[in-house]
Amino acid sequence: MDFNLSKEEILIQKMARDYAEQAILPVADQIEKDNRVPDDIMAGLAELDLFGMTVPEEFGGAGAGYVPYVLAMEQIARVSSGPAMIISAHNLGLGALVNFGTDEQKAKFVPQAAKGEHIASFAFTEPGTGSDPKQLTTSAVRGGDHFVLNGTKRFITNASYKGPLVLFAIEAESGQPTAFVVEKHCPGYSVSKPWSKLGWHGGDLVDIYLKDVQVPVENVLGKIGDGYPILQYGIAFGKIGMNSVALGTTLAAFELAVKYAKEKTHRGQPIAKFQAIQMKVAEIAGIYESSRWLAYRLGFLANNTKNYREFAKEAALAKWVIARNAQEATRISMDVHGSYGLMEDYEITRIYRDAAMGPQVEGVIHMQQVILAGDILR
Amino acid sequence: MAGTLIFSENPALVLELATAALEMDSGPVYALVINNGPQAEKLSNHGLAVLSVDEPGMSSFDTAGCAQAVAQTAGQKDLSMVLLSSDRRGKELAGRVAEAMHAGCLTDVKGFSLEGGQLAFTRNSLGGATLATQAIKTPAQVVAVSPRAFAPIAPTATGSIEAVKINVPASAVKLVETRSKAGDTVDLQAAERLVVVGQGVEDQSDLALVEQVAQALKAEIGCSKPVATDKKWYPEERIIGLSGKICKPALALILGVSGQVQFTVGVREAQVIVSVNNDENAFMNKIADYVLVADLKEALPELVRQLG
Amino acid sequence: MNIVVAMKEIPDIQQIRIRNRKPVTDDVPRTLGNIDKNALEAAVQIKEKTDSQVIVVGVGSSEVEDTFKEALAAGGDEARLVVWDGELESSQSAQLLAALITKIDSVGLILFGEGSGDNYSSQVGSRVAQILGLPQVGYVNRIEIEGSTARVTRSLEDCEQDLEVALPAVIMVSSDINTARIPSVTQILKAGKKPKEVLAANELGVAIPAAQVETISNLAPEMERRQISVKTISDLVKALADEGFGGGR
Ligand SMILES: Cc1cc2nc3c(=O)[nH]c(=O)nc-3n(C[C@H](O)[C@H](O)[C@H](O)COP(=O)(O)OP(=O)(O)OC[C@H]3O[C@@H](n4cnc5c(N)ncnc54)[C@H](O)[C@@H]3O)c2cc1C
Ligand SMILES: Cc1cc2nc3c(=O)[nH]c(=O)nc-3n(C[C@H](O)[C@H](O)[C@H](O)COP(=O)(O)OP(=O)(O)OC[C@H]3O[C@@H](n4cnc5c(N)ncnc54)[C@H](O)[C@@H]3O)c2cc1C
C-alpha cells in the first residue's frame with residue numbers, strides 16, 4: 001500500500017492550485033455575482049488539459065486517469081466551485097461516452113470534448129424524477145434511420161454549452177430507458193434561463209426542452225432498452241468529480257478556520273489559543289483527512305476497477321460520506337468564525353453555501369445509502 | 001590584509017563604501033574610477049585616494065571588462081578586500097570579480113561585525129525571513145554592500161588621483177541606447193520619510209489624496225510590488241521590498257499593505273512604522289509602532305484634512 | 001543552437017516555518033526558484049521563434065531528478081543534472097554548472113534568473129560567465145535573437161540599456177521579463193519521458209573547491225515594535241507630531 005503521490009501527481013496538483021490562485025481567485029467574486037464562469041477561464045482550463053484528464057490519449061485526452069483528476073479538481077473547487085462543477089459534469093457525460101460508446105461514437109464526440117472545445121453533459125433528471133429511472137417521461141420514437149425525442153430535462157449541468165449530451169429517454173418500442181448522444185443546440189433543442197442556485201455559482205444549470213429532436217440511430221449509446229446500467233455506472237463515475245468538489249470545499253473550510261483562528265484576537269490573544277477553538281480545528285482536520293483518502297481511493301479504484309457493480313457501491317459510499325463531511329466541516333468552520341462568518345465579506349459564506357449542494361446532487365445522500373445498504377444486505 | 005579597493009559607478013555609493021571600508025579597518029582604502037575623469041576629480045576632492053583607469057577600449061556597461069579592471073587593479077595594488085555597491089550594477093559585477101580573484105563573495109551585505117577576529121557580514125536570506133551572519137574564508141574577499149547601509153563619508157583634504165594601467169580584452173557587448181526610466185528620479189533610499197501605497201488603496205483616484213498626505217509629511221511615495229507590477233499605478237522604481245528598494249527612513253507610513261515578508265524586509269529598519277489597514281490582524285500591524293485600523297477610503301480624506 | 005537554462009533546486013520557501021528564530025526546512029518540498037522559471041520561460045519563447053533546444057541544468061539533492069520534472073513540463077527539452085548532497089555555496093555551484101555546460105555542444109545562450117529564490121546572492125551566473133570566458137548581461141527584461149547576436153535590455157535602477165551581445169553569452173533575467181507558463185497535464189505527464197542525464201559530482205572531472213563562505217548563524221530577526229493602537233485619525237496625527245513628524249505644507 002503506497003499512499004505517496006507521485007511527482008507527476010504532485011505537479012498536477014500544484015498546477016491546478018497555481019492556476020486557481022493566479023487566474024480564478026481574482027475573478028472568484030465576479031463568478032459568485034454573475035453566476036457565470038468567464039470565457040477566458042474556460043479557455044485557460046482547456047489549455048491546461050483539465051477537460052480531458054481522464055480521457056485516453058487515443059481519443060485526444062491527457063490519459064492521466066482519475067487520481068490526478070481528483071487532485072486537480074480539489075484545488076479548483078477550493079477557490080471556486082463553479083468551474084469545478086462544470087468540469088465534473090463534463091466528465092460525467094464524457095465518461096459515459098468513453099466507457100460505453102462504440103469506437104465510432106468515441107471518435108466522433110470525444111476528441112473535441114477532451115480538448116475543452118466542446119463541453120459534455122449528462123441528462124437524466126426530469127421535473128418528475130431525480131432518482132427513479134422508472135418514472136422517466138422523455139420519449140424516443142423510431143422514425144426510419146433516426147429517433148424523435150420529446151420531453152423536458154431538469155437541472156442539467158453544462159446544457160447551455162455546445163457539445164455532446166448523454167440523454168436518457170424511454171424508447172417507445174421497448175418501453176425501457178435508453179441512452180442517446182444528442183448534439184446540444186441541434187434543431188428542436190432549447191434551454192431555460194439558468195437557475196439561480198444556493199451554491200456552486202458559475203456552474204451552468206438549466207432545463208432542456210426537447211421538441212421533435214431527431215437523433216440518428218447510430219447515436220444510441222449501448223443497446224436500445226438497456227440504458228439503466230449506463231445511468232447507474234455513468235453516475236458512479238460522475239461521483240468522483242462531485243467528491244472532489246466537496247473535498248475542495250472541505251479543504252477551504254479547514255484553511256479558513258485555521259487562518260481565522262490565528263488572525264482573530266480576543267483579549268489580546270489569537271482565538272487559536274483557546275482550547276474550544278483548538279478542538280474545532282482538530283475536528284475539521286480529521287474530517288478533511290478522512291474525506292481526502294476516500295476521494296483519492298475512489299479515483300484509484302476508477303482507474304483499476306473491472307467490476308462496475310463493485311465500483312458503484314464504493315462510489316455510493318464515498319459520495320455520501322464526503323458530501324456530508326463537507327457540510328460538517330463548513331459548519332464547524334463557521335463556528336470558528338462566529339457572526340463575522342455570516343457576512344458575505346468572509347469567504348466562509350461561499351464555502352458554506354457550496355457545501356450544501358453536494359448532498360442533494362447526482363443522487364441524494366439517501367439514495368446512496370439505499371444503494372449501499374442494498375448491496376451489503378443482498 | 002593589505003588594503004581595500006572600493007568601486008561603484010554611482011559616486012554617492014562610493015562615499016558609503018568608503019565609510020564601510022574605514023570601519024572595517026583593513027588597511028589603506030582606494031577608490032577605483034573607470035573612464036570617468038570628472039568623477040575621479042570629484043572623489044579625490046572629497047578626500048579619497050582614487051585609482052583612475054583610462055582605457056578607451058573598455059566600457060562601463062560591459063561587466064566582463066569592468067570585472068577585469070577591478071580584479072587587475074586589486075592585484076597590482078595587492079588589495080585583498082574589494083567592496084562593491086549592491087545595486088544592480090554592483091551585484092552583477094560581484095560574482096565575476098570574485099571568480100576572477102578566486103575570492104569568496106557576499107552580496108546585499110547590510111553590516112559587519114568581528115567574530116573571533118574575523119570579519120562577519122550580515123545579509124538577508126530565505127526571501128528575507130532570516131538574517132544570516134557569514135564569513136568569507138578566502139584571502140581575497142569581495143563584498144557588495146547594500147545602499148544606505150553606511151552613511152557617506154565626510155569630506156577631508158587628503159585626496160589623490162593615481163593613474164592605473166590595465167589590460168582588458170575587446171568587449172563583446174555593444175551599447176545601442178540608454179533610456180532614463182520614465183521621468184521618475186525619486187531616490188526612495190535617500191528619503192527620510194516614506195508613504196507607502198499597498199493594494200489596500202483600492203481606487204487609483206485616491207492616489208491624489210496619498211500625494212497630498214506625502215506632501216504634508218514631506219515624504220516620498222513608495223509602493224508594494226503588485227501596485228507597480230500588476231496595477232501599474234507607479235513605476236517599478238517605487239517598489240519597496242526584496243525585489244525593490246530596501247529603505248531605512250525615519251518614518252514609514254504604510255497604507256494598506258498586508259506585510260508579507262518580501263515587503264517588510266524593505267521597511268523593517270525604519271525608525272518608526274505606522275500601519276493603516278482595515279484588517280486588524282494584518283501582519284504589517286505586528287511590526288508597526290502605531291496601528292490605525294481603518295478603511296482607507298474614509299481615512300485618507302480625513303488624514304489630508306488634519307495634516308493640511 | 002542550444003539554450004541552456006540553469007535552475008536552482010530550493011526548498012519551497014512559502015512552506016518554511018520559523019521555530020525559535022531558526023528556519024525549519026526538514027520535510028519542506030523541493031521546488032525551483034521563481035525567477036529561474038522566468039528564465040526558462042524566456043528560453044522557451046526564444047525556442048518558439050528560432051530553431052533551438054532548451055536544456056535545463058542544475059545541481060541538487062538526491063531528489064533533483066524529480067524536482068526538474070517541473071522544468072521539463074514547463075518547456076525544457078532535456079535535463080543535465082548533478083547530484084550533490086549537502087550545502088553548496090555560490091562558487092561551488094558555479095564550478096559544477098560550468099563543468100556541466102562545457103559538456104553541451106553548440107551552446108548559444110546560457111540563462112539564469114537574477115537571483116535564486118532562497119539565497120538571492122546573484123553570483124552564480126556571473127561566476128559561470130567568468131569561468132567560461134563569456135560575455136554577460138544581467139537584469140535583462142527583453143531578449144531578441146538576431147543571428148549570432150542577442151539584443152537585450154538591461155533594466156537598472158535609473159535607466160534601461162539596450163545592448164547587443166555576441167553569442168554565446170550568459171544572460172540573467174529579471175522577473176518582469178515574462179509570466180512563466182503553468183504546464184498542462186499532458187506536459188507534466190510527458191516530462192518524465194524527456195531525456196535526462198544525472199551525474200555524480202565526481203563524474204564531471206573538475207575539482208570542486210572548498211566552500212569559500214561560512215555561515216556563522218542564520219536566524220529570523222527579532223522585531224520589537226510597539227504596536228500602539230490608535231483609534232482615530234487625530235490620535236494618529238498627534239502621535240506623528242509627538243514623534244517629530246509634523247504635517248503642514
Ligand atoms: C447543481 C445541480 C446539478 C445537477 N446536474 C444534473 C445533471 O447534470 N444531470 C442530471 O440528470 N441531473 C442533474 N441534477 C439533478 C440532480 O441529480 C437530482 O435533482 C438529484 O439526483 C435528486 O433528484 P430529485 O431532486 O428529484 O430528488 P428526489 O429523488 O425526488 O428525492 C427527494 C427526497 O426523497 C428521498 N428519496 C427519493 N427516493 C428515495 C428512495 N428510493 N429511498 C429513500 N429516499 C428517497 C430523498 O432522500 C430526497 O430527500 C443536478 C442538480 C443540481 C442541484
Ligand atoms: C520573490 C518575490 C519577491 C517579492 N518582492 C516583493 C517586494 O519587493 N515588494 C513587495 O511589496 N512585494 C513583494 N512580493 C510580493 C509579496 O509577497 C506580497 O504579495 C505583496 O507585498 C502584497 O502587496 P500588498 O500588501 O500591497 O497587497 P495585499 O497582500 O493584497 O494586501 C493589501 C492589504 O490592504 C488591506 N486593505 C484592503 N482594503 C483596504 C481598505 N479599504 N482600507 C485599508 N486597508 C485595506 C488588506 O487588509 C491587506 O492587508 C514578492 C513576492 C515574491 C514571491
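The values are calculated or read from the model by the stated rules, or taken from the named source; none is laboratory data. The structure presented is a predicted model; accordingly, all values stated were derived computationally and were not measured. All Cβ positions, glycine included, derive from the backbone under ideal geometry; neighbour counts span all protein chains shown. Quick note on the areas: whole protein, heavy atoms, side chains included, nothing else; ligands and nucleic acids left out. Shrake-Rupley method; radii C 1.70, N 1.55, O 1.52, S 1.80 Å.
Divide the volume of the convex hull of the Cα atoms of chain C by its number of residues and quote the answer in cubic angstrom per residue.
199
Between segment A:265-336 and segment A:197-224, what is the separation of their alpha carbon centroids in Å?
Measuring centre to centre over Cα atoms gives 32 Å.
What are the semi-axes of the equivalent ellipsoid for segment A:121-225, taken as the square roots of 5 times the Cα gyration tensor eigenvalues, largest first, in whole Å? Write out the running numbers ahead of the final one.
Details: eigenvalues 107, 45, 23 Å².
Equivalent-ellipsoid dimensions as semi-axes: 23, 15, 11 Å.
Once the Cα atoms of segment A:228-377 are picked out, what are the Rg and Dmax in Å?
Rg and Dmax of segment A:228-377, Cα atoms, are 17.3, 61 Å.
Where both residues lie in segment C:104-249, what percent of DSSP beta bridges are antiparallel, nearest 5? Intermediate values should be presented prior to the final figure.
Numbers: 13 of 21 bridges.
The answer is about 60 percent antiparallel.
If one takes the accessible area of chain B alone plus chain C alone and subtracts that of the pair, with a 1.4 Å probe, what total in Å², rounded to the nearest 100, results? All intermediate terms of the calculation are to be shown ahead of the outcome.
On the way: alone 15180 and 14660 Å², together 22810 Å².
Roughly 7000 Å² of accessible surface disappears when B and C pair.
Taking 8 Å as the Cα distance limit and 6 or more residues as the minimum spacing, I'd like the relative contact order of chain B as a percentage.
Value for chain B: 15 percent.
Would you kindly calculate the mean projected area, averaged across all directions, of the convex hull enclosing the Cα atoms of segment B:4-164, in square nanometres?
Working: hull surface 35.5 nm².
About 8.9 nm², averaged over all directions.
Computed FRET efficiency, Cβ-Cβ of B:E41 and B:N167, R0 30 Å: what is it to the nearest 0.05? Walk me through the intermediate numbers first.
Details: r = 25 Å, r/R0 = 0.82.
With a Förster radius of 30 Å, E is 0.75.
Could you compute the net charge surrounding C:A99? Neighbours are other residues with a C-beta less than 12 Å from the C-beta of C:A99; K and R count +1, D and E count -1. Write out the running numbers ahead of the final one.
Details: positive: C:R80, C:K103; negative: C:E203.
Local net charge: +1.
Per residue of B:168-181, count partner chain C-beta atoms within 10 Å of its C-beta, then hand back the mean as an integer. Each step should come with its number before you reach the end.
Values: counts 0, 1, 0, 3, 10, 12, 7, 5, 7, 6, 8, 6, 3, 6.
Per residue, the number of nearby Cβ atoms from other chains is 5 on average.
Per residue, how much accessible surface does segment B:103-238 expose to a 1.4 Å probe? Answer in Å², no decimals. Could the numbers behind the result be given before it?
Details: 6070 Å² over 136 residues.
The answer is 45 Å² per residue.
Helix A:348-357: angle to the longest alpha-carbon principal axis of chain A, degrees 0 to 90, nearest 10?
Roughly 30 degrees, rounded to the nearest 10.
In nm, to one decimal, how far is the A:E117 label point from the B:A2 one, both placed 7 Å along Cα→Cβ?
Calculated label separation equals 7.2 nm.
In whole Å, how far is the Cα centre of segment C:177-249 from that of segment C:51-115?
22
Please find, in a Gaussian network model of chain B (springs between Cα atoms separated by less than 10 Å), the residue of B:S243, B:S180, B:S125 whose mean-square fluctuation is greatest.
Largest GNM mean-square fluctuation: B:S180.
Which one of A:D29, A:D212, A:D39 has the biggest mean-square fluctuation once chain A is modelled by GNM with Cα springs under 10 Å?
A:D39
What are the residues whose amide H is under 5 Å from the amide H of B:A144, where those residues sit 5 or more places off or on another chain and H is modelled from the backbone?
Residues meeting the criterion, in which the H sits 1.01 Å from N, are B:L84, B:L106, B:T107, B:D108, B:V109.
For segment C:115-123, in order, what is each residue's ³J(HN,Hα) by Karplus, 6.51 cos²θ - 1.76 cosθ + 1.60 with θ = phi - 60°, in whole Hz (x at glycine and Pro)?
x, 7, x, 9, 9, 6, 7, 6, 9
Report in % the part of the accessible area of chain B that belongs to carbon and sulfur, leaving out ligands and nucleic acids; probe 1.4 Å. Walk me through the numbers before you get to the answer.
On the way: 5830 of 11600 Å².
In chain B, the share of accessible area belonging to carbon and sulfur is 50 percent.
I'd like the accessible area for A:R292: 1.4 Å probe, protein heavy atoms, all chains in place, Å² to the nearest 10.
50
Protein chains only, probe 1.4 Å: how do C:D105, A:D335 rank by accessible area, largest first?
Values: C:D105 115, A:D335 80 Å².
Descending accessible area places them as C:D105, A:D335.
Over segment B:178-308, what is the relative contact order in whole percent, taking alpha-carbon pairs under 8 Å and six or more residues apart?
24
Note down the nm distance, to one decimal, between modelled labels 7 Å out along Cα→Cβ at C:K103 and at C:E144.
3.7
Of A:D49, C:D51, which has the most accessible area with a 1.4 Å probe, and how do the rest follow in descending order? Walk me through the intermediate numbers first.
Numbers: A:D49 35, C:D51 140 Å².
The residues order as C:D51, A:D49, largest area first.
Beta carbons within 10 angstrom, averaged per residue: use that to sort the peptides B:85-94, B:201-210, highest first. Don't jump to the answer; show the numbers that get you there.
On the way: B:85-94: 25.4, B:201-210: 15.4.
So the order, starting with the most tightly packed, is B:85-94, B:201-210.
So how long is each side of segment B:97-242 along the principal axes, counting just the alpha-carbon atoms, biggest first, in Å?
Sorted from largest, the Cα extents of segment B:97-242 read 56, 45, 37 Å.
Between B:W233 and B:Q260, what FRET efficiency comes out of the Förster formula 1/(1 + (r/R0)^6) with R0 = 22 Å and r the beta carbon distance, rounded to 0.05? Before the final figure, lay out the partial values.
On the way: r = 18 Å, r/R0 = 0.84.
Plugging the Cβ-Cβ distance into 1/(1 + (r/R0)^6) gives 0.75.
After finding the eigenvalues of the alpha carbon gyration tensor for the protein assembly as shown, what semi-axes result from the square roots of 5 times each, listed largest first in whole Å? Don't jump to the answer; show the numbers that get you there.
Working: eigenvalues 691, 221, 113 Å².
Taking √(5λ) for each Cα gyration eigenvalue gives 59, 33, 24 Å.
Tell me the carbon and sulfur percent of the accessible area for chain C, rounded to whole percent, probe radius 1.4 Å.
Values: 4700 of 10380 Å².
Percent of accessible area from carbon and sulfur atoms in chain C: 45.
Using a 10 Å cut-off around each Cβ of peptide B:105-115, what is the average number of partner chain Cβ atoms that fall inside? Can you show the working numbers first?
Numbers: counts 10, 5, 7, 5, 0, 0, 0, 0, 1, 0, 3.
Per residue, the number of nearby Cβ atoms from other chains is 3 on average.
If packing is taken as the average count of other Cβ atoms within 10 Å, what order do A:163-174, B:253-264 fall into, highest mean first?
Highest to lowest by the protection proxy: B:253-264, A:163-174.
In debye, nearest 20, what is the charge dipole magnitude of chain C about its Cα centre with +1 on Lys and Arg Cβ and -1 on Asp and Glu Cβ, if you could check? Walk me through the numbers on the way to the answer.
Working: 26 positive and 36 negative charges, 101 e Å.
The dipole magnitude comes to about 480 debye.
Taking only Cα atoms, what is the 0 to 90° angle, nearest 10, from helix B:63-77's long axis to the longest principal axis of chain B?
With rounding to tens, the tilt is 50 degrees.
Can you tell me, using C-alpha contacts under 8 Å and at least 6 residues apart, the relative contact order of chain C as a whole percent? Kindly include the intermediate steps, with their values, before the conclusion.
On the way: 476 pairs, mean separation 58.9, N = 249.
Answer for chain C is 24 percent.
Tell me, what HN-Hα J-couplings in whole Hz come from the Karplus equation 6.51 cos²θ - 1.76 cosθ + 1.60 at θ = phi - 60° for each residue of segment B:211-217, using x for Gly and Pro?
For segment B:211-217, the Karplus-derived couplings read 4, 5, 4, 4, 4, 4, 8 Hz, x marking Gly and Pro.
Where does each of A:K197, C:K190, A:K319 land when they are ordered by accessible area, with a 1.4 Å probe and the largest first? Please list the in-between numbers first.
Working: A:K197 30, C:K190 100, A:K319 5 Å².
Of A:K197, C:K190, A:K319, the descending order of accessible area is C:K190, A:K197, A:K319.
With θ set to phi - 60°, apply the Karplus curve 6.51 cos²θ - 1.76 cosθ + 1.60 along segment C:169-185 and write out the HN-Hα couplings as whole Hz, x wherever there is a Gly or Pro.
My calculation for segment C:169-185 gives 8, 9, 10, 10, 9, 9, 5, 7, 5, 5, 9, 5, 6, 8, x, 7, 4 Hz in order.
For chain B, what number results from the quotient of the Cα radius of gyration and 2.2 N^0.38 Å? Display every interim value, and only then the final one.
Values: Rg = 21.4 Å, N = 308, 2.2 N^0.38 = 19.4 Å.
Rg over 2.2 N^0.38 Å, computed on Cα atoms: 1.10.
Would you check the accessible area of A:L210, probe 1.4 Å, heavy atoms only, in square angstrom rounded to 10?
Here the accessible area works out near 10 Å².
By how many degrees, between 0 and 90 and to the nearest 10, does the Cα long axis of helix A:275-304 differ from the longest principal axis of chain A?
30
Order of C:206-213, C:2-9 by packing, highest average Cβ count within 10 Å first?
Values: C:206-213: 15.5, C:2-9: 26.1.
The peptides rank, most packed first, as C:2-9, C:206-213.
Only bridges whose two residues both fall in the protein assembly as shown count here: according to DSSP, what percent of them are antiparallel, nearest 5?
Taking every DSSP beta bridge with both residues in the protein assembly as shown, the antiparallel ones total about 45 percent.
Could you name the lysines whose alpha carbon sits less than 18 Å from that of A:K193, not counting residues in the same chain fewer than 8 places away?
Straight-distance partners of A:K193: A:K33, A:K153, A:K162, A:K184, A:K211.
Just to be sure I understand: with springs between alpha-carbon atoms less than 10 Å apart, which residue in A:G248, A:G299, A:G44 has the highest mean-square fluctuation in the Gaussian network model of chain A?
The residue with the greatest mean-square fluctuation here is A:G44.
Is there a simple number for the mean count of other chain Cβ atoms within 10 Å of the Cβ of residues in B:274-287, and what is it? Write down the numbers at each step before the final one.
Numbers: counts 7, 2, 3, 0, 0, 1, 4, 7, 1, 1, 0, 3, 3, 5.
Counting Cβ atoms of other protein chains within 10 Å of each residue's Cβ and averaging gives 3.
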